[in-house]
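S.K.: First, the structure itself, so that you have it in front of you.
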Amino acid sequence: MARFYAACTLGLEAVLADELRALGAGAVAERRGGASFEGDLALGYAACLWLRSAVRVQQELARGQVHGREDLYQLAASVDWSVSITHLQTLAIDGAVRDSFANDTRFPVLVVKDAICDQFRDHTGQRPSVERDRPDLPLKLVLQGSEAILYRDFGGPPLHKRGYREIQHKSPLNEATAAGLLLRTGWDRKAPLCDPLCGSATFLIEAAFLATDRAPGLGRSFAFERWRDVDLDAWRRLYDDAEARALRGAAQLPVLCGNDRHPGAMAIAAQAIEAAGFGGRIDLQRGDAADYQPPTRPGMVVTNPPYGERLQPDAGSAAASWHALGNFLHRQCAGAEAWVLCGEPLLSRELGLRSFAKVPVWNGPIECRWLGYRIDG
């Protein structure tokens, strides 16, 4: 059994833990900003393919006490790196240091690189190259106090990069964060879902993935596919099963609809929806939220209005957006449940509603609340 760590947005640890248990992971334990778990390598593949709220899946390769360069070098040298790659392949090492013998990540990362390259040179006479953009073996070194942990990153590029959003809206919501927030609402994946301030449509696309049982990792590649110890038969079975599930679920899309007043955001949203495979199946309108009339009364509303750092240049327009959202909820959403991401508590007063839930969660550098409301019918 391998030991893993999956990372997620702060505040979504419980959601991630539930996803891992549903995949069959063992020894699941919530940690700050993620969850640890155990399983075989195929579980690591499945985690990359199916986890919606995770941004990384990492396998622990070594853990030990280190008090200086020699200790760290020996820890890295204790791993048989030829299991993962050959000397003709590439690697990259990311580091995180806190209260350790090193002041920053540069020196300990160099020590680990030297240990790996020396091991290959001793056995083959050659060493792998360092490649920052798309390494075959992405590694993570965590130094906290006197403990060091070495991980290999199963995914490579962050898992929230689903492949459908090439152009970034100026205030994008991370795809994994959006999916985790959707899971946190308890949406039944059947009720009509609406985002009246949809921006680049991240909530709507992630809702479409959920409703159609589409694995978020379909259509992209992962670092583990290039490793020497990959079980390609197990990976092909998992991928084929995910494709079959997506095909079966394609007809299960409920009414999904969105609105935004910014033409640039609408253009990005339409392009992303098309790239995600839902072109023509998600209703988009352009206009002020207060005037928005969705094609059917929503059962669930999820949205990420302007707030926090986003409102600094024009606080008045942010308050106006929240006020318009409140008008929409009161006029168009009787009997619905609404969830609103808020990074500035004063703005939530514009809704004229009392929340039944306030879930702490971070959106990038901004501490937010995922606010739940029930709209009187």
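S.K.: Would you check if Gly95 is over 21 Å from Arg226 (Cβ atoms) and in contact with a helix residue (DSSP H, G or I) (Cβ under 7 Å, 6 or more places away or on another chain)?
M.R.: The answer is yes for Gly95.
S.K.: Can you say whether Leu137 is in contact (Cβ under 8 Å) with a residue 40 or more places away in the chain, in contact with a Gly (Cβ under 9 Å, 6 or more places away or on another chain) and open to solvent by less than 70 Å² (accessible area, probe 1.4 Å), as far as the supplied structure shows?
M.R.: no
S.K.: Hey, another quick one. Take the residues in segment 212-233 that are open to solvent by 10 Å² or more (accessible area, probe 1.4 Å) and aliphatic (A, V, I, L, M), then tell me which one is nearest to the chain's Cα centre (by Cα).
M.R.: Checking each candidate, the answer is Leu218.
A quick yes/no check of all residues on (1) over 28 Å from Thr202 (Cβ atoms); (2) touching a Lys or Arg at 6+ places or on another chain (Cβ under 9 Å); (3) open to solvent by less than 10 Å² (accessible area, probe 1.4 Å):
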| residue | (1), (2), (3) |
| --- | --- |
| His123 | yes, no, no |
| Ser129 | yes, no, no |
| Arg132 | no, no, no |
| Phe154 | no, yes, yes |
| Asn174 | no, no, no |
| Leu181 | no, no, yes |
| Gly186 | no, no, no |
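S.K.: Please name all residue pairs, on different chains or six or more residues apart, with Cβ atoms under 8 Å, provided the first residue is in segment 183-205 and is part of a helix (DSSP H, G or I) and the second residue is of a type in the set (Asp, Glu).
M.R.: Leu183/Asp18; Leu183/Glu19; Thr185/Glu337; Thr202/Glu175; Phe203/Asp195; Leu204/Asp195; Ile205/Glu175
S.K.: Then there is this: Looking only at segment 5-14, which residues are crowded, with 24+ Cβ neighbours inside 10 Å and touching a residue at least 60 places away in the same chain (Cβ under 8 Å)?
M.R.: Selection gives Cys8, Thr9, Leu12.
S.K.: Does segment 191-209 contain any residue that is open to solvent by 10 Å² or more (accessible area, probe 1.4 Å) and closer than 30 Å to Tyr151 by Cβ?
M.R.: So far as segment 191-209 goes, no, none of its residues is open to solvent by 10 Å² or more (accessible area, probe 1.4 Å) and closer than 30 Å to Tyr151 by Cβ.
S.K.: Same structure again: What are the residues in segment 15-42 that are in contact with a helix residue (DSSP H, G or I) (Cβ under 9 Å, 6 or more places away or on another chain), free of Cβ contacts under 8 Å to residues at least 40 places away in the same chain, surrounded by fewer than 22 Cβ atoms within 10 Å (Cβ to Cβ) and part of a helix (DSSP H, G or I), if any?
M.R.: Passing the criteria: Ala22, Leu23.
S.K.: OK, next. Mind listing just one residue for me: the one in segment 334-352 that is more than 29 Å from the chain's Cα centre (by Cα) and of a type outside the set (Lys, Arg) and, of those, least open to solvent (accessible area, probe 1.4 Å)?
M.R.: Ala334
S.K.: Could you tell me whether any residue of segment 234-245 is in a helix (DSSP H, G or I), under 17 Å from Leu193 (Cβ atoms), open to solvent by 20 Å² or more (accessible area, probe 1.4 Å) and at pLDDT 95 or above?
M.R.: no
S.K.: While we're looking at this one, here's another question. Regarding segment 59-72, can at least one residue be identified that is crowded, with 17+ Cβ neighbours inside 10 Å, under 25 Å from Ala244 (Cβ atoms) and aliphatic (A, V, I, L, M)?
M.R.: Scanning segment 59-72 turns up no residue that is crowded, with 17+ Cβ neighbours inside 10 Å, under 25 Å from Ala244 (Cβ atoms) and aliphatic (A, V, I, L, M).
S.K.: Within the group Ala42, Ala17, Ala77, Ala46, which residue is in contact with a strand residue (DSSP E or B) (Cβ under 8 Å, 6 or more places away or on another chain) and not hydroxyl-bearing (Ser, Thr, Tyr)?
M.R.: Ala17
The values are calculated or read from the model by the stated rules, or taken from the named source; none is laboratory data. As the structure is a computational prediction, the values presented were derived from the model and not from experiment. FYI the Cβ positions are ideal-geometry reconstructions off the backbone, even for glycines, and counts take in every protein chain you see. The accessibility values were calculated without ligands, DNA or RNA, using every heavy atom of the protein model including side chains. Shrake-Rupley method; radii C 1.70, N 1.55, O 1.52, S 1.80 Å.
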